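**Student:** Encoded as structure tokens, here's the structure I'll be asking about.
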Amino acid sequence: AGPSGGSGCTPAPPAPLRVSPGCRGAQGRLAYKLLHDLFANYSSALRPVEDTDRALNVSLQVTLSQIIDMDERNQVLTSYLWVRQIWLDAHLTWDKDEYGGIDSIRIPSSYVWRPDIILYNNADEHFGGSMETNVVLRSDGHIMWDSPAITKSSCKVDVSYFPFDGQRCRLTFGSWTYNGNQIDLRNQLDTGDLTDFVENVEWEVLGMPATRNVITYGCCSEPYPDITYTLLLRRRASFYIFNLLLPCIMVSFLAPLGFYLPADSGEKVSLGVTVLLALTVFQLLVAESMPPSESVPLIGKYYIATMTMITASTALTIFIMNVHHCGPGARPVPPWARRLILHHMARLCCVYEVGESCKSPQRALGGGDGGEPGESAGEGQVGTEVGSCPWDHCLCHHDSLLRNVGYIAGCFRRHRTNQRRTGEWKKVAKVMDRFFMWVFFLMVFLMSVLVLGNAA
């Protein structure tokens, strides 16, 4: 045929090499003829080998596309995989020169025999397999089957260091009915393919090494090979740090400030109880997402330690408030408490009275009643005045006047003594408040450092 058009297959120069519609039609008819010739006497039920005593080599390659979900509570990993299987079908070969140079065809996978490779640790309740995609059949009999699959696999989750934990999830693929003498399963690469992986917001993939195992199960005497892909995951802890850990640390540092709160405010105990309830809410949030196992997560241990500390601080606050509100009928401060609390601990915690400072010399212990010298001086002045009054110029009964003055002076001395005793107990309570405040601040700091150190 000429270049003006026809049914010939030779293109006209200088146009590029193109196949005319007639040639495409011929190729299509040859493809139909090839398909008819291949499957005229073909059965997809039998293993396609020339010698039934020889094993069929099957190559497996898994590409991780996406991590959909990691359910720590139920210990199930949901992932999106691309599974590639390659094997040789000895009954599906042809001479490509006899069929117009056709080297490969794409046909439905249901037309050919397929190895029953499944995920051994499947955790899907419906047990769904891969999609029914086409296979690529080549003239030498090699079949390549690429199929996407959304898998749910069981994964042993260790939350001991949550939220700074890493997980190792295994994906084990193998034949369900064919043993190692019938199918020799091999991994195409030493690792899973991560080139098309879509980054996950919660988990970082560190690697996906592949290993081949040959296991003899208790049910059968034949060996069964499998390919195990170990998915190495590390949790991105930023979300949990800002939403669970930092609020707990801030609330923990708020708890010792309850000791700094004045006892007369009436809010010391309520502050401790409020902080305890807030930590209980955070602990419940963590417990809802963790599996109910004996392994307590690191953040859970921190919550328990902090709640124990706050419970102890609330109990100490109640005790100190009882000391603060010791009335006039209380016993005097014991001598050891004077030396230890009112002298050493008061200077250590920098607790001083109005007008004093940490560097000013402390007044003598027990001589804090500044009114007594005045009282005795006043009494002496009164007595002097009364005594200097001439007996012949007194217009009143001096005996009753002296008794009244003595009664007033005694009441005043008892009142000052009760005030001094109450003030000493209040200072004891204030010193104990400051001391325990710094102790609990140190405990919170150490616990936070230990948590971060264990996470590292």
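**Student:** I'd like to verify a number: residues in the stretch 215-271 that are part of a helix (DSSP H, G or I) and among the hydroxyl-bearing types (S, T, Y), how many?
**Tutor:** So in the stretch 215-271, the residues part of a helix (DSSP H, G or I) come out as 238-258, 263-265, 268-271.
Filter once more, keeping what is among the hydroxyl-bearing types (S, T, Y): 238, 240, 252, 265, 270.
Adding up the residues that qualify gives 5.
**Student:** For the stretch 286-307: of the residues being part of a helix (DSSP H, G or I) and charged (D, E, K, R), which is modelled with the highest pLDDT?
**Tutor:** K301
**Student:** I've got another one for you. Would you point out which residue out of D146, D140 is open to solvent by 10 Å² or more (accessible area, probe 1.4 Å) and part of a loop (DSSP other than H, G, I, E, B)? Write out each step before concluding.
**Tutor:** Values: D146 fails: part of a loop (DSSP other than H, G, I, E, B).
So the residue among D146, D140 that is open to solvent by 10 Å² or more (accessible area, probe 1.4 Å) and part of a loop (DSSP other than H, G, I, E, B) is D140.
**Student:** Can you confirm whether F173 is within 30 Å of S295 (Cβ to Cβ) and assigned to a strand (DSSP E or B)? Outline the logic, then answer.
**Tutor:** On the way: within 30 Å of S295 (Cβ to Cβ): yes; assigned to a strand (DSSP E or B): yes.
So F173 fits the description; yes.
**Student:** A further question follows. Does the stretch 429-456 hold any residues that are open to solvent by less than 30 Å² (accessible area, probe 1.4 Å), out of contact with any Cys (no Cβ under 8 Å at 6 or more places or on another chain) and among the β-branched types (V, I, T), and which are they?
**Tutor:** V444, V451
**Student:** With respect to P163, determine if the residue is touching a residue at least 60 places away in the same chain (Cβ under 8 Å) and either farther than 30 Å from M309 by Cα or not assigned by the TED database to the domain that holds K301 (or both). Steps first, answer last, please.
**Tutor:** Numbers: touching a residue at least 60 places away in the same chain (Cβ under 8 Å): yes; either farther than 30 Å from M309 by Cα or not assigned by the TED database to the domain that holds K301 (or both): yes.
When the stated conditions are applied, P163 passes them.
**Student:** For the stretch 163-187, which residues satisfy the criterion of being of a type outside the set (F, W, Y), over 33 Å from the mean Cα position of the chain (by Cα) and surrounded by fewer than 15 Cβ atoms within 10 Å (Cβ to Cβ)? It would help to see each step written out before you state the result.
**Tutor:** Restricting attention to the stretch 163-187, the residues satisfying the condition of being of a type outside the set (F, W, Y) are 163, 165-172, 174-175, 177, 179-187.
Now narrow it down to the ones that are over 33 Å from the mean Cα position of the chain (by Cα): 174-175, 177, 179-187.
Correct list: T177, N181, R186.
**Student:** When both residues are 6+ apart or on different chains and their Cβ atoms are under 8 Å apart, which pairs have a first residue that lies in the stretch 286-298 and is of a type outside the set (K, R) and surrounded by 15 or more Cβ atoms within 10 Å (Cβ to Cβ), and a second that is at pLDDT below 75 and not in a loop (DSSP other than H, G, I, E, B)?
**Tutor:** What qualifies is L298/N454; L298/A455.
**Student:** Within the stretch 106-137, how many residues turn out to be open to solvent by 30 Å² or more (accessible area, probe 1.4 Å), in a loop (DSSP other than H, G, I, E, B) and either farther than 24 Å from T228 by Cα or aromatic (F, W, Y) (or both)?
**Tutor:** Number of matching residues: 2.
The values are calculated or read from the model by the stated rules, or taken from the named source; none is laboratory data. If you're wondering where the values come from, they're calculated on a predicted model, not measured in any experiment. All Cβ positions, even for glycine, are placed from backbone atoms using ideal geometry, and neighbour counts span all protein chains on display. Please note that ligands, DNA and RNA were not included when accessible areas were found on the heavy atoms of the full protein model with its side chains. Shrake-Rupley method; radii C 1.70, N 1.55, O 1.52, S 1.80 Å.
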